[in-house]
Amino acid sequence: MPDRGGGPTGPRIRVGRPSRRARTLLMTLGVLAVLGMAFTMFAGFWTDWLWYRSVNYSSVFTTTLWTKIGLFFVFGLLMAVAVGFNVWLAHRLRPPLSAMSMEQQSLDRYRMGVAPYKKWLLLGITALVGLIAGASAAGQWRTWLMWVNGVPFGQKDPQFRLDVSFYAFDLPWYRFLLGFGFAAAILSLIAAALTHYLYGGLRVTSPGARATAAATGHLSVLLGIFVALKAVAYWLDRYGLAVKSSDFKATDNWTGLRYVDANAYLPAKTILFCIAVICAALFFATLWRRTWQLPVIGFGLMVLSAILIGGLYPAIVQKFQVQPNEQAKEAPYVNKNLKATREAYGIDDAQVTEYSGTGSTKDKTKLRDDVDSTASIRILDPNIVSPTFQQLQQIRNYYAFPTNLDVDRYSKDGKDQDTVIGLRELNLNGIPKNNWINDHFRYTHGYGVVAAKGTTADAEGRPVFTESDLPSKGDLGDYQQRVYYGEKTTTYSIVGGPQKEIDYSDDSGEKTTSYQGKSGVSLSSPVNRAAYALAFSEPQILYSGAIGEGSRILYNRTPKERVEAVAPWLTIDGDAYPAVVGNKIQWIVDAYTTTNGYPYASRTTLGDTTADSLTATNNSRAVVAQQNQVNYIRNSVKATIDAYTGEVKLYQWDTKDPVLKTWMKAFPGTVQSKSAISPGLMDHLRYPQDLFKVQRELLTRYHVKDAQTFLSGSEVWQVPDDPTNKSGNAVPPYYLSMKMPDQKAQAFSLTTTFTPNGRDNLSAFMSVDAEAGTSDYGKIRILKLPTSTTVNGPKQVQSQFNSEQDIAESIKLLKGGDSDIEYGNLLTVPLDGGLLYVEPVYVRGGGLKYPLLRKVLVTYGGNTAFEDTLDQALDKVFGTQDTGTSPPDDDTTTNPPPTSENPTVQGALEDAQKAFDAGQDALKKNDWEAYGKAQKDLEDALRRAEDAQNAADKKKPSGGGEASPSPSGSPSASRSPSSA
C-alpha cells in the first residue's frame, strides 16, 4: 500500500477497494436503474400496441413501427459506416512517427491518451452519429412510404412533362437522400481531417508540405463526393423550380416557374450542374496528380459561377427584360399557375354566374311566397344557443354541451328539417366531488342527444326541441344513448369491473350501469396494469381494488384523437359532428389527404386559412397543428366513431385521389370502399367546412381565368370580417337549406359572401351543394355581382340595422337593465336577383343565464324589418302584413275584471287591472322600462289585495260567510311577467 504519511513507525492510512457489499449494492442499483429505464420504454411501446389492437388497427402500428425501425437501422448504419470507415482509413494512412514535425510531436500526449481507447472511441463516435442519423431518418417514414407506394396522378406538369407523382412522391425522397449524403460527406470529411491532423497527415504551422500524399488523396476524394452531390442538387433544383414558392405581386405563396425561372434560373442550374461535375472530376484526379491546384481552381470557378450565373444573371433578366413588360412576359406562366391551382384545390369546376343584385319582381306577394320555397331560413344559431341547451337540457351538473352546436338534417313525415343538435356529454368539473374513483370509475359517460328545429323558436324565444329530456326522447327513435366517446371526454375511464358507473338520474334517483362494450384495453393482466400505471403516472392503477375481472381502460376518446391515431397520414377537419344513424350515435369526421408537391399550384397554410370568428373562440374547431403549407387537398376520407363502442371506420370518399390510393397501398385494409357507406349514414354526410374555407380563400383570387385580369388585381376579393361580433376574424360559412337561381329545389348547402379587396360592399355570393349522395354534391356556385353598382355587404347591412332609428330604439329597450344583446348568424339568401339578409337577435339577461330569441332582423331591396318572428319580419319587408279591421283582443270582454264586496280588496284589484293594462300597452310599444314599472305596480296591487282579503277572512266566524273573490283571478294569473 502507498505510504500516506508518517515514518516507518508512523501510522498508515490504507486505501482499499470498496467492500463486496458496497459493490453488490452499486451493481444492484445499476441493474435496477437499467431495468427501470427499459420498462419505461417498454410501457410506452406496449400500451400503444394494446390500444391499436383494441381498435383493430394493429397493422397501422406494425407498418409504422417496422418502417421506422428499418429506416433507423439502414441509415444509422450507413452513417456510422461512412464516418467510421473514413476515420479508420485516415488512421491507416498516417505517416511514420519519424516523419512527424515538431508540431505533431507536441500532440504526442493526445495520441498517447487516445491510444489505449482508440477502438472504443471509434465505436462511440460512429455509434453516436449513427443514432442521430437513424433517428432523423426514422422521422421520414411518411416520405419513404409515399415514394415506395406512389400512384401516378395521370397529369403532367407543363414545363418538364413529368407526372405530378414525381413531385409529390419521388422528389421529396430524393431530396432526403441528397441531404443525408451531404451530412455523411461533411461528417466524414471533418472526422478524417481531424484524424489526419492528430496523426501527422496534416500540418498547420510547421514549414514544408501541409499534407501528406495519402491525406491529400483521401480528403480530395471526400471533397469530390461533396461536389458531386452538389451537382446532383443543381440537377434536382431544376425540377424544384416547378414547386418553388416565391413572392409575386399577383398572389402570396406563388408556386411554379415564372419568366425569370424558365429563362434564367433553369439554364443557370444546368450550367452549374456541368461545372460541378467537372469540379468533382478534378478532385478525384488528385489521386493521381497529388496536387490541390486544379481542384481548388475548379471549386473557385464553381463558387464564382454560382454567384454570377445563379444570382446576378437572373437579377439582370428580371430588371431589364421582365419589369418593363411584366404582364406580357409573365402571362403564359400565370396561366399555368391558374390552371394548376384550380385543379389542385378542386375549384376548377366552380360555376361563376353574373347576378344583378337587385330584385325585378314587382309582385310583393309572390316574392313573399318565394322566400319559403327558396330557403329554410335557420334562425336558431348553433353558435349562440349552447347556453340555452345547457340551461334547459343539462339536467345534471355533470353533463355539458359543446360551445358550438352542429347543424344536421333529419327527416320527419318525409320532409327534411334543418336541425341544431348536440350531445349531453360528461363534464367532470360538474360532479359533486372530484376524486380518483369518481373521475375515472363512477362518472364515465354522457347521456343522450338533444335536438331542436333550426327554423323556429317558441313564443318565449326558446328552441323547439325535437329530442329532449333524460333519457332523451322525441323524433329520433330508439338508439344507444350512452356517450363514452365525445369531444369533451379528454381523460381516461376504467369501466366494466366491480365498480358500478353512474348512468343517469331521474325522479326515482340515480341509475347505475356497467359498460358492456368491447372497447378499451383489458386490465386483467398485472403487466398491463403496471404498464398503464406508468404510462398515466397513476400508481393506483396497479393496486386499486376498484379494478378487477372485466375492467377495461378507455382512452384516446375524442373523435379527432381516434382518427388521427389510426390514420396518422390524414389531416383532420376541425369540426366533428354527431348523428343518430340507425340505433347508434355516430361521430362523423371529415379527413383530408394533402401534399406540398403539386407543380405550379400556389400554397396555403391550413391553420391560417381555416381560422374564423368561431375558431378564435373555440380551439377545438381549428385544424390542429396544421401550420405546414400545402398546395393540394382532397376530402378523401369520411370517418365514423361510435359514441358507445369507440369503433372507428374509415370510408374512401374520393375514389380518384392518387394520394389516398398511395396511402391505401401503404396501409392495406384500413380504408373501406365507398360502397360500404350505409344509406342511413349517407343521409348525414355533408361537405366539410375546412375544405370550403380553403377553397373560398383561394377563390378570392382564382375565380378569374385569364392572366391579364389576375395580374391587374382588379378582381381581387376578400372574405369579410364577421359583422355580428368585434373579433375582427373572418365570417364563418353557414349551413343552410336553400335554392340557388339555377336549382329547382332546396339543397343542404354551405354558403359564404365576398367583398372587394379593401371595401365593404358585396362582390359575390358563394355556395356549395353539401348534400352527400346527390349528383350535384360538391358543386360550387358563385353569383358575381356587377362592379358598376353597389350592393350592401354584411358589414354594411349590420351597420344599416344598427343605424335605423326605430331598430336602434328597440335594441336599446331590449338592453334595458343588465341585459345583453347577441346577434346571431347573418344569413344571406339570393332571391329574385336580389339578396335577402336575415339575422336573429338574442337577449341574455334580466335574471336569465341563457340567450333567448327575441327579434329577427330582415332586409331586402332597401326595406328593413325588426319583428318578433321571422314571418312577421318577412311580411313587413314585403308589405304583406294582415291589415284587416278585426277588433283587437279585449281581455275585459272575455275575462272581466274581478270584483269584491270588500272595498279595500276592490280598490287593490282595480289598481292591479290598471297596472296590467299599462303593461300591455308598454309591450305593444316595446317600452321595456314602462313594462317593468307596470309589473312592479301589478305585484304591489296583488299583494295588497291578498293581504286585505286575508285580514277580512280572519274576522269572519268559522265556517260562515260568503267567500270573496280570490286575487288569483286577477290579470296576472293568465299572463305572468316572464311569459309576456
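Can you name every residue in segment 423-469 that is outside any loop (DSSP other than H, G, I, E, B) and farther than 30 Å from LEU853 by Cβ?
Answer for segment 423-469, where residues must be outside any loop (DSSP other than H, G, I, E, B) and farther than 30 Å from LEU853 by Cβ: LEU428, TRP436, ILE437, ASN438, ASP439, HIS440, PHE441, ARG442.
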### Task
Only one of these is assigned by TED's automatic domain parsing to the domain that holds MET738 and in contact with a helix residue (DSSP H, G or I) (Cβ under 6 Å, 6 or more places away or on another chain): TYR837, TYR823. Name it.
TYR837
### Query
Which condition breaks for THR205 when tested against (1) part of a loop (DSSP other than H, G, I, E, B); (2) of a type in the set (Val, Ile, Thr); (3) at pLDDT 95 or above?
(3)
### Query
Does LYS364 satisfy the criteria of being buried (at least 16 other Cβ atoms within 10 Å of the Cβ), of a type in the set (D, E, K, R) and either free of Cβ contacts under 8 Å to residues at least 40 places away in the same chain or in the same structural domain as ILE225 (by TED's automatic domain parsing) (or both)?
no
### Query
Would you say THR47 is modelled with pLDDT of 85 or more, within 30 Å of PRO526 (Cα to Cα), in contact with a strand residue (DSSP E or B) (Cβ under 8 Å, 6 or more places away or on another chain) and polar (S, T, N, Q)?
yes
### Query
Can you name the residue in segment 605-616 that is surrounded by fewer than 20 Cβ atoms within 10 Å (Cβ to Cβ) and under 21 Å from TRP569 (Cβ atoms) and is also farthest from the chain's Cα centre (by Cα) among such residues?
THR605
### Matching residues in segment 549-565 - criterion: being buried (at least 23 other Cβ atoms within 10 Å of the Cβ) and either basic (Lys, Arg) or closer than 26 Å to ASP408 by Cα (or both)
ARG557, PRO559, ARG562, VAL563
### Task
Determine which member of the set ILE307, ILE275, ILE271, ILE316 is of a type outside the set (Lys, Arg), surrounded by 19 or more Cβ atoms within 10 Å (Cβ to Cβ) and within 30 Å of LYS336 (Cβ to Cβ).
ILE275
### Query
Considering only residues of segment 218-262 that are small (Gly, Ala, Ser) and in a helix (DSSP H, G or I), which is surrounded by the most Cβ atoms within 10 Å (Cβ to Cβ)?
ALA242
### Query
Where in segment 270-384 are there helices (runs of 4 or more DSSP H), lying fully within it, with 2 or more residues that are over 30 Å from THR700 (Cα atoms)?
293-307, 313-317, 364-374
### The one condition in (1) assigned to a loop (DSSP other than H, G, I, E, B); (2) crowded, with 19+ Cβ neighbours inside 10 Å; (3) not hydrophobic (A, V, I, L, M, F, W, C) that ARG161 fails to fulfil
(2)
### Message
Among the numbered criteria (1) of a type in the set (Gly, Ala, Ser); (2) on the phi > 0 side of the Ramachandran plot; (3) free of Cβ contacts under 8 Å to residues at least 24 places away in the same chain, which one does GLY550 miss?
### Response
(3)
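Condition check ((1) assigned by TED's automatic domain parsing to the domain that holds ARG701; (2) under 40 Å from the mean Cα position of the chain (by Cα); (3) within 16 Å of LEU266 (Cα to Cα)) across all residues:
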| site | (1), (2), (3) |
| --- | --- |
| LEU294 | no, no, no |
| GLY298 | no, no, no |
| LEU301 | no, no, no |
| SER305 | no, no, yes |
| VAL317 | no, no, yes |
| PHE320 | no, no, no |
| PRO324 | no, no, no |
| ALA328 | no, no, no |
| PRO332 | no, yes, no |
### Task
Would you mind stating whether ALA591 is without any contact (Cβ under 8 Å) to a residue 60 or more places away in the chain, crowded, with 19+ Cβ neighbours inside 10 Å and within 26 Å of ALA643 (Cβ to Cβ)?
yes
## Note on the structure
Within segment 124-158, of all residues that are over 20 Å from ARG175 (Cα atoms) and in contact (Cβ under 8 Å) with a residue 60 or more places away in the chain, the one surrounded by the most Cβ atoms within 10 Å (Cβ to Cβ) is PHE153
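Output the number of residues of segment 164-175 satisfying the condition of being in contact (Cβ under 8 Å) with a residue 24 or more places away in the chain and surrounded by fewer than 19 Cβ atoms within 10 Å (Cβ to Cβ).
The number of residues fulfilling the criteria is 3.
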## Note on the structure
If we ask which residues in segment 810-855 are part of a helix (DSSP H, G or I) and free of Cβ contacts under 8 Å to residues at least 24 places away in the same chain, their number turns out to be 1
### Task
State whether one or more residues within segment 20-32 are modelled with pLDDT under 95, over 27 Å from GLY134 (Cβ atoms) and surrounded by fewer than 10 Cβ atoms within 10 Å (Cβ to Cβ).
yes
### Query
Among the numbered criteria (1) out of contact with any helix residue (DSSP H, G or I) (no Cβ under 7 Å at 6 or more places or on another chain); (2) part of a strand (DSSP E or B); (3) touching a residue at least 60 places away in the same chain (Cβ under 8 Å), which single criterion is violated by LYS661?
(2)
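Table: residues versus (1) more than 30 Å from ILE547 (Cβ to Cβ); (2) assigned by TED's automatic domain parsing to the domain that holds MET738; (3) surrounded by fewer than 24 Cβ atoms within 10 Å (Cβ to Cβ).
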{"residue": "PRO382", "(1), (2), (3)": "yes, no, no"}
{"residue": "ARG396", "(1), (2), (3)": "no, no, yes"}
{"residue": "ASP418", "(1), (2), (3)": "yes, no, yes"}
{"residue": "GLY430", "(1), (2), (3)": "no, no, yes"}
### Summary
Of the conditions (1) within 12 Å of the chain's Cα centre (by Cα); (2) in a strand (DSSP E or B), the single one that PRO578 does not satisfy is (1)
### Query
Just one of ILE502, ILE572 is buried (at least 23 other Cβ atoms within 10 Å of the Cβ) and in contact (Cβ under 8 Å) with a residue 24 or more places away in the chain; which is it?
ILE572
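The values are calculated or read from the model by the stated rules, or taken from the named source; none is laboratory data. What you see is a predicted model, and the numbers here were worked out from it, not measured in a lab. Positions of Cβ are backbone-derived with ideal geometry, glycine not excepted, and every protein chain shown enters the neighbour counts.
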